[in-house]
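All remarks here apply to the structure that follows.
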Amino acid sequence: MELKIARGTLNNDVEVITLSGTMNAVTVSGLKELLKKCVAENSVQIVIDLDGVNFIDSSGLSSLISALKGCREKGGYLRLARIQSPVKRVFELTMLDRVFEMYPTVEAAARCPVSGIESAE
Amino acid sequence: MNNWNIAQTSQRFVSRRILFRFLAVITGILALIYIYWRCTASVNTKALWFSIPLLAAELYGIVDLVFFSMMIWKPVKRVPPLPEGEPTVDVFITTYNEGREILEPTARAAMDIRWANKTVYILDDGNRGDISALAEETGCRYLTRGAEWAGKPRHAKAGNVNNALMQTAGEYILILDTDQIPDPEILNRTIGYFNDPEVALVQTPQYFYNIPPGDPFGVDAPLFYGPIMQGKDGWNAAFFCGSNGILRREALMQAGLVRYVEATGMRLRANLKSLLRRLDKDRFLPLRAQIKEALHKLSKGEAFETVCDDIRSALGETVGLPDDMKEDLNITLREEAIPVQALSTLSITEDMASALYLHSRGWKSVYHPEILAQGLSPEDLGTMLTQRLRWAQGTIQVLRRENPLTLKGLTIPQRLMYFASIYSYFSGFFTVIILSAPVIYLFTNIAPVAAWSFDFFIRFIPFFVANKIMFRVVNRGIPLWRGEQYSVALFPVWIRAVVSVYANTKITFKVTPKQRQSGNFLPLVWPQMLFIAATGAGIVYQAIRLSLGAPLSITGFTINSIWGIYNILSLSVIVRAALYTGGAKK
């Protein structure tokens, strides 16, 4: 049980984080650190590619919420791409499908316009 | 040590249950006969200002009795299943300002818990160097809040635990207060209940090893940690009591996530509506249309973030908007340090509120009535009153903010079980009436009932006796007098709790000191002393008048004197507690 993390960029300004494996309380610590680092570095336009993720629990979801908060507070976004149906079920169960923007592809997620509002901070 | 643990045989347990039900039905019938007569035939219509409040107090008491009967109706006796495998467990010892001499035995005992896959964390909300050193010495890990909490609401103990949940990964969490020394078998005896994937919580009793002889502060709670919790367990309504409980991380985190979604959704809708109200109809017509469209999309189930992005773009394209309006689109709970509050932060009794929420989400709870941790009880009146006030305020906050009668997802018995616990904290107002009644009679001869007659005795005495027998039997013969005394004597605390919550007074979580505080506690109990003095004076006053030949009812005097003495005896416990000095630590 592990979570593989790859970090890349798209169009020079969008962080693309590609995940594969299991996202649970034990495996997400590395992802949490990476997302914290992105927010600290002001790389706050983030797309997370979940294509390779076959399981997610509430701790995994919670790490995404924390990162979303960080990105939004700096005027950016955190979008999800390519969620597989078993994982999508967990989003529905916790009602988080009501929160996140989900896209069929990484490109579609990155293409949407960035908000026109700068952060107050 | 405890005579209500799992040593009982099943046969005896079943017989007891039948006996409880029999006594509950008998008491219920006698109560109904009495109260029906009180309502229909014995109200003193010449003094309604007096007779109606007393009747209301009696009705309150009868409803309380009905709740109690429901609670003891189907207690369960648990036999702990053997754990399947050895899942990971995080032991959280929460501390704020307690000294290391209190924490050290707990930390060492936690390290000695027989469970291979455990990690013990000291959650030090006081961020103290000596506690960090203690953690290192004992082999515990040390956690404290990070920079993200600066300037944000801390949410007391719930915040401390939520902070730790974000930094740890164990499948189950055992929560221990600073002073609760765990038994080495605590996990072996409880983790097996989680074999049922729907169980979110296992609670064990709180037991205090430092109770002085006679229990002057009424902290021993054999009724609560015995028949009441076992009874609630029977209705799948046993709740978390803050310490000595084991929680399933996944259940807690799920609850936190759902609460997050509900909170952000509500905030987004409220903010959009507020924007709409503040935008000038003529100047911002297109923007208003977009906001209305966004609200419509939200009601159709569109993701919050998509709606926010739409509105952000629309706001960005609109010229002449005040800056503060843009801030309204911040729904990330910016004021909170961490977005997902797994333990509920809406009440200062986070334990009950969290369990209520878990139950409403369909999770199960278990009460395991074996003492598996022992702690320190308050050793002075001031501390005890602070603790009781917090419990009462927190419980009433739950009613205001997440009313169990209306919260979605609960079964009807669960609603009633939670409501019953909250209901009992409203007794203070009725206690004042019960305490005042004999005083009023003894000084004025105005009676709240039409007559102190045979009709009264024939209905009241059987009910009173049956009630006492039922409680005695339910409590397995352990006298309840101390508990009864305190439920009366703490009336000013209960009243203060209700008033402070409904008056929206700022309520803070006060940490219960674990060491005896010194001082003069008599000023804290002046209302009780006032009632004792007034009742005593009333008895003497009427006795003198009778001896001087005044034409007064001997029966009325006798009944009200006995009633008054009963009240004085109830109240006296707290005056003695205020004067208590034994067991003071040097």
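The values are calculated or read from the model by the stated rules, or taken from the named source; none is laboratory data. From a predicted model like this one, the values you see are computed outputs, not experimental measurements. Positions of Cβ are generated from backbone atoms using ideal geometry, with glycine treated the same way; all protein chains shown enter the neighbour counts.
Quick notes on this one:
- Residues (at the interface with chain B (Cβ under 7 Å from one of its Cβ atoms) and under 13 Å from A:ILE46 (Cβ atoms)) located in region A:94-109: A:PHE100, A:GLU101
- Some residue of region B:314-335 being within 14 Å of chain A (Cβ to nearest Cβ), within 23 Å of B:MET71 (Cβ to Cβ) and not in a loop (DSSP other than H, G, I, E, B): no
- Candidate set from region B:164-200 (those that are in contact with a His (Cβ under 9 Å, 6 or more places away or on another chain) and not in a loop (DSSP other than H, G, I, E, B)); member that is nearest to the other protein chains (Cβ to nearest Cβ): B:ALA200
- Residue in region A:29-43 that is over 24 Å from B:LEU298 (Cβ atoms), of a type in the set (A, V, I, L, M, F, W, C) and within 12 Å of another protein chain (Cβ to nearest Cβ) present: yes
- Residue check, B:LEU298 over 28 Å from the mean Cα position of the chain (by Cα) and either closer than 30 Å to B:PHE68 by Cβ or in contact (Cβ under 8 Å) with a residue 60 or more places away in the chain (or both): no
- Complete set of residues in region A:58-93 that are facing another protein chain (nearest Cβ under 10 Å), of a type in the set (D, E, K, R) and in contact with a strand residue (DSSP E or B) (Cβ under 7 Å, 6 or more places away or on another chain): A:ARG79
- Residues that are closer than 19 Å to A:THR105 by Cβ and either within 14 Å of chain B (Cβ to nearest Cβ) or free of Cβ contacts under 8 Å to residues at least 40 places away in the same chain (or both) within region A:1-17 comprise A:ALA6, A:ARG7, A:GLY8, A:THR9, A:ASN12, A:ASP13, A:GLU15, A:ILE17, listed in sequence order.
- Taking every residue in region B:113-138 that is on the phi > 0 side of the Ramachandran plot and pairing it with any residue that is part of a loop (DSSP other than H, G, I, E, B) and crowded, with 17+ Cβ neighbours inside 10 Å, at least 6 positions away or on another chain, the pairs with Cβ-Cβ distances below 6 Å are B:ASN127/B:THR144.
- Scanning region B:336-360 for residues that are polar (S, T, N, Q), away from chain A (no Cβ under 14 Å) and assigned to a loop (DSSP other than H, G, I, E, B) returns B:SER344, B:THR345, B:SER347, B:THR349.
Quick grid of which residues meet (1) more than 24 Å from the chain's Cα centre (by Cα); (2) modelled with pLDDT of 90 or more; (3) part of a helix (DSSP H, G or I):
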| site | (1), (2), (3) |
| --- | --- |
| B:ALA447 | yes, yes, no |
| B:ARG476 | no, no, no |
| B:SER487 | no, yes, yes |
| B:VAL493 | no, yes, yes |
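- None of B:LEU257, B:LEU275, B:LEU295, B:LEU252 is among the aliphatic types (A, V, I, L, M), assigned to a helix (DSSP H, G or I) and at pLDDT below 90 except B:LEU275.
- Among residues of region B:534-549 that are modelled with pLDDT of 95 or more, those with a beta-carbon under 9 Å from a residue that is outside any helix (DSSP H, G or I) and not hydrophobic (A, V, I, L, M, F, W, C) at least six positions away or on a different chain give the pairs B:GLN542/B:ASN445.
- Exclusive hit being modelled with pLDDT under 95, over 30 Å from B:ASP215 (Cβ atoms) and in a helix (DSSP H, G or I), set B:ARG400, B:ARG390: B:ARG400
- From B:ILE93, B:ILE113, residue being of a type in the set (A, V, I, L, M, F, W, C), touching a helix residue (DSSP H, G or I) at 6+ places or on another chain (Cβ under 6 Å), not assigned by TED's automatic domain parsing to the domain that holds B:ASN467 and not in a helix (DSSP H, G or I): B:ILE93
- Hits in region B:116-128 - residues which are in contact with a Ser or Thr (Cβ under 9 Å, 6 or more places away or on another chain) and part of a loop (DSSP other than H, G, I, E, B): B:ASN117, B:ASP125, B:GLY126, B:ASN127, B:ARG128
- Sole exception among (1) without any contact (Cβ under 8 Å) to a residue 60 or more places away in the chain; (2) part of a helix (DSSP H, G or I); (3) not β-branched (Val, Ile, Thr) for B:LEU268, by number: (1)
- Selected residue (only one of B:ALA169, B:ALA156, B:ALA164, B:ALA221 is of a type in the set (Gly, Ala, Ser), at positive phi and either assigned by TED's automatic domain parsing to the domain that holds B:VAL366 or under 18 Å from the mean Cα position of the chain (by Cα) (or both)): B:ALA156
- Of everything listed in (1) in contact (Cβ under 8 Å) with a residue 24 or more places away in the chain; (2) more than 30 Å from B:ALA466 (Cα to Cα); (3) in contact with a strand residue (DSSP E or B) (Cβ under 7 Å, 6 or more places away or on another chain); (4) in a helix (DSSP H, G or I), the single unmet condition for B:PRO87 is (4).
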